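Trainee: My questions all concern the structure below.
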Amino acid sequence: MAIKSDTWIKRMARDHRMIQPFSPKQVRKGISYGLSSYGYDIRVADEFSIFTGINSQIIDPKAFDESAFTTVKAKSILIPPHSIALARTVEYFRIPRSILTICLGKSTYARCGIIVNVTPFEPEWEGFATMELSNTTPLPVRVYANEGIAQLLFLESDEVCEISYADKKGKYQAQKKITPAKV
């Protein structure tokens, strides 16, 4: 496996629509996003699902109750202390069969206590990514829409995988909105 460079990412975005919309350079308006040397900084969209606990239910990944969170469309949100929010990316992805992508949180948010779940984008996964944003602090933390939230690293294998995410008809394939846990 080899980490792919900005030149490769740019070519894949142009020729294979791997990332749409694609910013061919890093945009430093607010929290940065766009192409970097060996990755791509993705943005969080203006749609958020915030866990509230007002219905006092248990979160169960096998029987997810969407009343556990409040969904909002906003320029920014406050994630309550020791809570999480779900969000989706601005960008839509089409990951090639020989590529594994790893999503890591940006240091700007990490220094404020926001942890973005480390998430792989498997070979031939497609869609808007749903991200889990954890507030590890005892204080509310603000997250801004349409600004950078995480960085993707692209790892290319010297051979294609035997079974891709598309082949196994993955449950999060081609998601268009924030998608809670499914079994």
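Trainee: Which of the residues that make up segment 138-161 are of a type in the set (Val, Ile, Thr) and at pLDDT 95 or above?
Mentor: 141, 143, 149
Trainee: Select from segment 1-21 the residues that are more than 15 Å from the chain's Cα centre (by Cα), polar (S, T, N, Q) and over 15 Å from residue 101 (Cα atoms) and list them in ascending order.
Mentor: Passing the criteria: only 7.
Trainee: Now for a different question. Here is a list of conditions, (1) part of a strand (DSSP E or B); (2) of a type outside the set (Asp, Glu); (3) in contact (Cβ under 8 Å) with a residue 24 or more places away in the chain, and residue 70 meets all of them except one; can you say which number that is?
Mentor: The single condition residue 70 does not satisfy is (3).
Trainee: Shifting gears a bit: Working carefully through the options 43, 88, find the one that is within 13 Å of residue 144 (Cβ to Cβ), part of a strand (DSSP E or B), basic (Lys, Arg) and at pLDDT 90 or above.
Mentor: Result of the check over 43, 88: 43.
Trainee: Could we say that residue 46 is charged (D, E, K, R) and surrounded by fewer than 14 Cβ atoms within 10 Å (Cβ to Cβ) here?
Mentor: no
Trainee: Here's something else I'd like to know. Looking at this structure, is residue 160 in contact (Cβ under 8 Å) with a residue 40 or more places away in the chain and surrounded by 16 or more Cβ atoms within 10 Å (Cβ to Cβ)?
Mentor: no
Trainee: Within segment 22-52, how many residues turn out to be more than 14 Å from the chain's Cα centre (by Cα) and either over 19 Å from residue 132 (Cβ atoms) or among the aromatic types (Phe, Trp, Tyr) (or both)?
Mentor: Looking only at that region, the number is 15.
Trainee: Kindly establish whether residue 39 is closer than 29 Å to residue 154 by Cα and either touching a helix residue (DSSP H, G or I) at 6+ places or on another chain (Cβ under 8 Å) or aliphatic (A, V, I, L, M) (or both).
Mentor: For residue 39, the condition - closer than 29 Å to residue 154 by Cα and either touching a helix residue (DSSP H, G or I) at 6+ places or on another chain (Cβ under 8 Å) or aliphatic (A, V, I, L, M) (or both) - is met.
Trainee: Separate question: I need a count of the residues in segment 143-182 that are among the hydroxyl-bearing types (Ser, Thr, Tyr) and more than 21 Å from residue 18 (Cβ to Cβ).
Mentor: The qualifying residues number 1.
Trainee: Continuing with the same structure: Any residue at all in segment 104-115 that's assigned to a strand (DSSP E or B), in contact (Cβ under 8 Å) with a residue 60 or more places away in the chain and either surrounded by 20 or more Cβ atoms within 10 Å (Cβ to Cβ) or under 17 Å from the mean Cα position of the chain (by Cα) (or both)?
Mentor: Checked against the condition, which is being assigned to a strand (DSSP E or B), in contact (Cβ under 8 Å) with a residue 60 or more places away in the chain and either surrounded by 20 or more Cβ atoms within 10 Å (Cβ to Cβ) or under 17 Å from the mean Cα position of the chain (by Cα) (or both), segment 104-115 yields no hits at all.
Trainee: Just a yes or no: is a residue in segment 150-170 outside any loop (DSSP other than H, G, I, E, B), closer than 21 Å to residue 68 by Cα and of a type in the set (A, V, I, L, M)?
Mentor: Checked against the condition, which is being outside any loop (DSSP other than H, G, I, E, B), closer than 21 Å to residue 68 by Cα and of a type in the set (A, V, I, L, M), segment 150-170 yields no hits at all.
The values are calculated or read from the model by the stated rules, or taken from the named source; none is laboratory data. Only a predicted model underlies this, so the values are computations on that prediction, with no experimental measurement involved. No Cβ is skipped: glycine too gets one built from the backbone with ideal geometry, and neighbour counts run over all protein chains shown.
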